[in-house]
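Laboratory data are not the source of any read-out in this text; all were calculated from the coordinates shown. All figures in this text were calculated on a predicted structure; none of them were measured in a lab. Heads up, the Cβs are rebuilt from the backbone with ideal geometry, glycines too, and the neighbour counts pull from every protein chain shown.
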2 protein chains.
Amino acid sequence: MTLAIGIEIGGTKIQAGVGAGDETLMGLARGAVDPSAGAEGIRGALVELVDKALAKAGAKLGDVQGLGIGFGGPVDTRRGRVLRSFHVEGWSDFPLAKWASQQWGVPTWVENDASIAGLAEAHLGAGKGLERVFYFTIGSGIGGGFIVDGRIDPGQGLGSAEVGHSYVPHPGKQRGPVKLEHVCSGWSIGRRARQALQDGERSVLTELAGGIETVTAEHVYRAAEKGDALACRILEETTDALAVGISNVLALLDPQRFILGGGVSLMGPLFWEPLRQKVRRLEFPVYSGTYDIVPAMLGEQTVVLGAVLLGLRRDPPRRRPSRS
Amino acid sequence: MTLAIGIEIGGTKIQAGVGAGDETLMGLARGAVDPSAGAEGIRGALVELVDKALAKAGAKLGDVQGLGIGFGGPVDTRRGRVLRSFHVEGWSDFPLAKWASQQWGVPTWVENDASIAGLAEAHLGAGKGLERVFYFTIGSGIGGGFIVDGRIDPGQGLGSAEVGHSYVPHPGKQRGPVKLEHVCSGWSIGRRARQALQDGERSVLTELAGGIETVTAEHVYRAAEKGDALACRILEETTDALAVGISNVLALLDPQRFILGGGVSLMGPLFWEPLRQKVRRLEFPVYSGTYDIVPAMLGEQTVVLGAVLLGLRRDPPRRRPSRS
């Protein structure tokens, strides 16, 4: 059986899995990121996690054909190098693919984690069988992945689909553009609620969260379900901005399906229904009815599953036709 | 010699040319669109223009390998059908490729005119030799073309890169999103100026244009050069919005080069320098220094030159790798 190792290096967690490229992992091991141990500490932990995952899978390194890594930050995919980490010291310009292929003796490919999650959803999840899929992960930040014909759009080699860094109108009283990530990420939803409460606005949020400082996006959604005015306004601002972000991707890339993963996508109909309606109002009419917006299917192991696909080279290699 | 016919069907003009796929046309014939004659009138006029272009080129139909058409509106490129025209009656769902291949007996391909102009710039103009080029045409409206590895990104088959329909923050006192085309097209620049003058704002524009109703984007640029406050403000709003539009394309698609064509791109340094600075301020830092923003090179015949390339199939055919 042909197997690959998939590794996720996130901001708070690391995971290693062994799989054959389908929806399940034969072995999985997880750990937490210790920022004080730096990049070197994470690499040491990964060596142990891979051993554990192989043991759980009843497999040995000789069965492994390749290794894929989903990294939580920008990556030079052609050279297999990390560009930087926003969470942990010591990653800048680190040759991650080279290190891993020396460590485990198998070919290694590195991609941004959101792109890898999109790859997994396009092959195994909500985008199965589709040619053009745009994946959003809306968690503490916002990442994206554009999967065309089963492979990650590589941009110039430093990734693409950085939708969290696209701009939408300011939701508050300020004018001008603001990054989508600064309005719609779970972190920014919580921040806006906490700010309003600190400014003296009344809301059930304080009670729900047991204080102002502990208010999160999840509390905002639950308070909105109770009809809380502040929470409803923040949710409204969030779906307004996300609808603009999605409409812009639609106009530029014309995907068949938008797949939304990450914590914010676990919100219920008060998030999803207005979002879909607003995108319909903004859509370029020619694309009307040619796309849909659906939740991700694969859950916690999405990045590891996608990294296994990468290790197996299940994404067709990029062909470069000659130019006239 | 292998030749192709290139046809442009625009909102106000139609052109037919004969070429071999380089920067020059061997024969060219032009006409104006008569909206009252409808789509049928345009097709009749095209038959004559093609005859003229062939005669000027000293070529006959037997020398022609294929035909490309750049249409000024949305197109179903897989079926070669026009979806609609915003200018002339009678185009809706018209099988343009079929009609042309029967008319002239050669294989025909149809694309949106902005995408074709992008193809021409990528092969023969400002994007020569580059793998990822994003073309803007900023004229009476705004169109776009995303050229990857020498071919037009087809979207799902109804085109892509509809950047005029992407959203930016409202430039005026209104809140919320507005289409880029409604702020930065030549038409909308002129409209904002005329509106402000009608609202009683003082400006040299009225004098420059010989009246309020005749004020155009070109007058706005010339007045801004004289330091006119209204004109400077409108130019400022325009580069603000266009910088957001470009930054969003950068974040999502990571092109190496933005090529700006159309009338507005003929403006001088008061347009170009602030635009480049603003995009730099908004850019996703990972892409810093990996792209530039330059004027288009090919001029009035861009669409015809690109349509000839299409007729020669100089854009490498799209390959569809099998899925795992």
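Near residue A:182, once Lys and Arg are set to +1 and Asp and Glu to -1 for all other residues with Cβ below 10 Å from its Cβ, the sum equals +2. Rounded to the nearest 20, the Cβ-based charge dipole of the stretch A:163-310 about its Cα centre (Lys and Arg +1, Asp and Glu -1) stands at 320 debye. Peptides B:35-43, B:302-310 ranked from most to least packed, by the mean per-residue count of other Cβ atoms within 10 Å: B:302-310, B:35-43. Once the chain from residue A:51 to residue A:32 is taken as fully extended at 0.36 nm per residue, the excess over their C-alpha distance is 5.2 nm. So what is the relative contact order for the stretch B:172-324, in percent, with contacts set as C-alpha pairs under 8 Å and at least six apart? Dividing the mean separation by the residue count of the stretch B:172-324 yields 20 percent.
With contacts defined as alpha carbon pairs under 8 Å and 6 or more residues apart, what's the relative contact order of chain B in percent? Here the relative contact order equals 21 percent. With neighbours defined as other Cβ atoms within 10 Å of a residue's Cβ, the residues A:271, B:146 order from fewest to most as A:271, B:146. Computed about its Cα centre, the charge dipole of chain B is approximately 720 debye, with only Lys, Arg, Asp and Glu carrying charge at their Cβ. Go ahead and run the numbers for FRET between residue A:65 and residue B:173, Cβ-Cβ distance against an R0 of 45 Å, rounding to 0.05. That pair, residue A:65 with residue B:173, gives E of 0.15.
Counting only other residues whose beta carbon sits under 10 Å from that of residue A:192, what net charge do I get with K and R as +1, D and E as -1? Around residue A:192, the charge tally is +2.
In what sequence, highest mean first, do B:163-174, B:191-202, A:246-257 appear when ranked by Cβ atoms within 10 angstrom?
Averaged packing, sorted descending, gives the order A:246-257, B:163-174, B:191-202.
Scanning chain B for the Cβ atom closest to the axis that brings B onto A yields residue and whole-Å distance B:169, 2. Farthest towards the positive end of the charge dipole of the protein assembly as shown, among the residues B:125, A:99, B:155, is the Cα of A:99, using unit charges on the Cβ of Lys, Arg, Asp and Glu.
If the chain between residue A:198 and residue A:102 were fully stretched, how many nm would it gain, using 0.36 nm times the residue separation less the Cα-Cα distance? Additional length available on full extension: 29.4 nm. Helix B:186-198 and the long axis of chain B differ in direction by around 30°, with both axes built from C-alpha atoms. The simple spin-label model puts a point 7 Å past each Cα toward its Cβ; for residue B:40 and residue B:281 those points are separated by 5.5 nm. Measuring against 29 Å, Cα to Cα, the residue pairs A:13/A:179; A:13/A:226; A:13/B:179; A:173/B:278; A:13/B:278 contain A:13/A:226; A:13/B:179; A:13/B:278 as the ones spanning a longer distance.
Counted by neighbouring Cβ atoms within 10 Å, the residues A:86, B:94, A:258 run from fewest to most as A:86, B:94, A:258. For the pair residue A:24 and residue A:84, the difference between a 0.36 nm per residue extended length and the Cα-Cα distance amounts to 18.6 nm. For the residues of A:253-260, the average number of beta carbons from a partner chain within 10 Å of their own beta carbon is 3.
Between helix A:113-124 and chain A there is an angle of about 80 degrees, using the helix long axis and the longest principal axis of the Cα atoms. Counting only other chain Cβ atoms within 10 Å of each residue's Cβ, the peptide B:278-289 averages 3. Neighbouring Cβ atoms from other chains, within 10 Å of the Cβ of residues in A:164-174, number 5 on average. Per-residue ellipticity at 222 nm, computed for chain B from helices alone with -39500 (n - 2.57) per DSSP H run of at least four residues, works out to -11500 deg cm²/dmol.
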